[in-house]
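Here's the structure we're looking at; comments come further down.
The values are calculated or read from the model by the stated rules, or taken from the named source; none is laboratory data. Keep in mind that what you see is a predicted model, and the values were worked out from it rather than measured. Cβ atoms come from the backbone with ideal geometry, glycine included; neighbour counts cover every protein chain shown.
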Amino acid sequence: MGGFFGIASKQDCMADVFFGTDYHSHLGTSRGGMAAYDSEIGLQRKIHNIENAPFRTRFEHIFEEMKGTSAIGSISDSEPQPLLIRSNHGTYAICMIGRINNAEELMEHYLSFSGGHFDARTGGAINGVELLAALIDQKSSFADGIRFAQKSIDGTASVLILKDDGTLIVARDRLGRLPVTIGRREDGYAVSFESFAYEKLGYVFEKELGPGEIVSVTPEKLTQLRAPGEKKRICSFLWSYYGYPTSTYEGVNVETMRYRNGTIMGRVDRASGVVEEIDYVGGVPDSGTPHAIGYANETGKHFARAFIKYTPTWARSFMPPAQVERNTIAKMKQIPVKDLIQDQNLLFVDDSIVRGTQLRETVEFLYENGAKSVHMRSACPPIMFGCKYLNFSRATSDMELIARRVIMELEGEEGFKHLEEYADSGTERGKQLRANICERFNFSSLEFQSLEGVIEAIGLPACDLCTYCWNGKE
């Protein structure tokens, strides 16, 4: 994934942009960057690797290196950004959140007529942000260029630009899969993916951009450059997993959605009588915890933290990229509370079950510490499709998904014609899927939240939500 944050102010804003960008560290583990505009110096830019240290550590000396009354920051899970670009639009800094699936095709087309070039990495891959800038620069204005780029891109692109006069240009992606909100303070405006980032800095909510909407931001005013489109497909997984608990998207707070989601799962289990033998309900921390609180409140079962994550030295923002190392670190972070595990029947709620690699380690760890039984609930439906719009998962193929692998073993490719049945716990195929995963991971029982349950918990019209990863519908 990734996130961005920017401010156009009447005074130096480096401290606010530093903290505002740092508040997006849960969205990326690869690169952090900042760019600033100062009337005397012009545009400045710094990018650092944050794979092995958090953003705040890498940028702790930024106040000695840069200054500006307008600035932007980026946390990225992929390419280094923001980039500084010099073009027919002047010099500007640009960053992007999203994904470009047809980058190779767009690059080849651009090179065929432009006579230009791209900075290439080993293997010939290019920075997608540079490609985005090349698309924008084919038009005579930023608004027209961004609109052209978003129409050309197969995927998603929310854009934040800092011009060489201190003006910000911000655009939400064409179908509004990701949020972009704006806050106001007496000295200027802030632009952010996460709303709490500017609220914590004393800004108040001004507006949330609509799908494809483009605005210009100066310290004095907002100017709409393009009106929002009517069609919206905001990512449902924002609330289930990668959105921060204190953030609000489309008027719906993440934490309260998760409580409602757990309540709905608890209501279903309570009606079927399956919770009677449970001693404690807990979350697979941290994002599963609020779902579990909602579940416990609904079922009347005690909520307990049977194990705690040790995060002072291994926060998520600098987890290693290699899966083997990630599994080892995940295991080392889990510290048991043995009094809450020994001889207890435990039910855990996880935000999702994607590949299941770390979940297996967690269940083994619980049994090693004396659990009598371990029941598992997923706060969202079985993930059947790798997301082709965002980079929220490290899975690169549908066959990395545990649900897909199980279906292939049960029925071969024929099973992929019946994904809807496998997602439904009431069908024979659905029961087979759950039984197989239970056997693999030694769960005493397993259930997934239904798609209808997730939509109910979010509380927005289904037509406004992207549910592609669960049902393949665009």
Listed by first then second residue, the pairs whose first member lies in region 131-151 and is of a type in the set (Val, Ile, Thr), whose partner is at pLDDT 95 or above and not in a helix (DSSP H, G or I), with beta carbons under 7 Å and at least 6 positions apart or on separate chains, are Ile146/Val159; Ile146/Ala171; Ile146/Ile214
With the condition kept exactly as written, say whether any residue in region 457-473 is within 20 Å of Leu410 (Cβ to Cβ), of a type in the set (A, V, I, L, M), within 26 Å of the chain's Cα centre (by Cα) and at pLDDT 95 or above. no
Determine, yes or no, whether Arg405 is over 28 Å from Arg174 (Cβ atoms), out of contact with any helix residue (DSSP H, G or I) (no Cβ under 8 Å at 6 or more places or on another chain), among the basic types (Lys, Arg) and surrounded by 17 or more Cβ atoms within 10 Å (Cβ to Cβ). no
Subset of region 209-227 (residues that are within 12 Å of Val170 (Cβ to Cβ) and acidic (Asp, Glu)): Glu213
What pairs can you find where one residue is in region 17-30 and closer than 15 Å to Ser247 by Cα and in the same structural domain as Gly73 (by TED's automatic domain parsing), the other is buried (at least 20 other Cβ atoms within 10 Å of the Cβ) and acidic (Asp, Glu), and their Cβ atoms are less than 7 Å apart, with a gap of 6+ or different chains? Tyr23/Glu194; His24/Glu194
Output the number of residues of region 163-188 satisfying the condition of being acidic (Asp, Glu) and crowded, with 23+ Cβ neighbours inside 10 Å. 1
Is it the case that some residue within region 80-91 is in the same structural domain as Asp12 (by TED's automatic domain parsing), buried (at least 24 other Cβ atoms within 10 Å of the Cβ) and touching a residue at least 24 places away in the same chain (Cβ under 8 Å)? yes
For region 431-459, which residues satisfy the criterion of being over 29 Å from Glu255 (Cα atoms), free of Cβ contacts under 8 Å to residues at least 40 places away in the same chain and surrounded by 18 or more Cβ atoms within 10 Å (Cβ to Cβ)? Asn436
Scan region 349-387 for residues that are assigned to a helix (DSSP H, G or I) and either of a type in the set (Ser, Thr, Tyr) or in the same structural domain as Lys151 (by TED's automatic domain parsing) (or both) and jot them down. Thr357, Thr362, Tyr367
So how many residues does region 39-56 have that are in contact with a helix residue (DSSP H, G or I) (Cβ under 9 Å, 6 or more places away or on another chain) and within 23 Å of Glu194 (Cβ to Cβ)? 9
Please work out if Ser192 is surrounded by 24 or more Cβ atoms within 10 Å (Cβ to Cβ) and either within 30 Å of Ser378 (Cβ to Cβ) or not assigned by TED's automatic domain parsing to the domain that holds Gly6 (or both). yes
All conditions in (1) modelled with pLDDT of 95 or more; (2) among the charged types (D, E, K, R); (3) part of a loop (DSSP other than H, G, I, E, B) are true of Glu298 except (3)
If only one of Glu208, Glu213, Glu199 is within 21 Å of Cys95 (Cα to Cα), acidic (Asp, Glu) and touching a Ser or Thr at 6+ places or on another chain (Cβ under 9 Å), which one is it? Glu208
In region 286-315, which residues are surrounded by fewer than 18 Cβ atoms within 10 Å (Cβ to Cβ) and out of contact with any helix residue (DSSP H, G or I) (no Cβ under 6 Å at 6 or more places or on another chain)? Asp286, Asn297, Gly300, His302, Arg305, Ile308, Thr311, Pro312, Thr313, Ala315
Please work out if Ser373 is among the polar types (S, T, N, Q), surrounded by 19 or more Cβ atoms within 10 Å (Cβ to Cβ) and modelled with pLDDT of 95 or more. no
Select from region 137-149 the residues that are in contact with a helix residue (DSSP H, G or I) (Cβ under 8 Å, 6 or more places away or on another chain) and closer than 19 Å to Thr223 by Cα and write down the one among them that is surrounded by the fewest Cβ atoms within 10 Å (Cβ to Cβ). Phe142
Given the residues Leu390, Leu346, Leu410, which is the only one that is assigned by TED's automatic domain parsing to the domain that holds Ile458, crowded, with 20+ Cβ neighbours inside 10 Å and not in a strand (DSSP E or B)? Leu390
Where residues in region 266-285 are of a type in the set (A, V, I, L, M, F, W, C) and closer than 18 Å to Leu359 by Cα, which of them is surrounded by the fewest Cβ atoms within 10 Å (Cβ to Cβ)? Val284
With respect to Lys232, is the statement that it is within 30 Å of Pro382 (Cα to Cα), out of contact with any strand residue (DSSP E or B) (no Cβ under 6 Å at 6 or more places or on another chain) and among the charged types (D, E, K, R) true? yes
What do you reckon, is Leu419 within 21 Å of Gly356 (Cβ to Cβ), assigned to a strand (DSSP E or B), hydrophobic (A, V, I, L, M, F, W, C) and under 29 Å from the mean Cα position of the chain (by Cα)? no
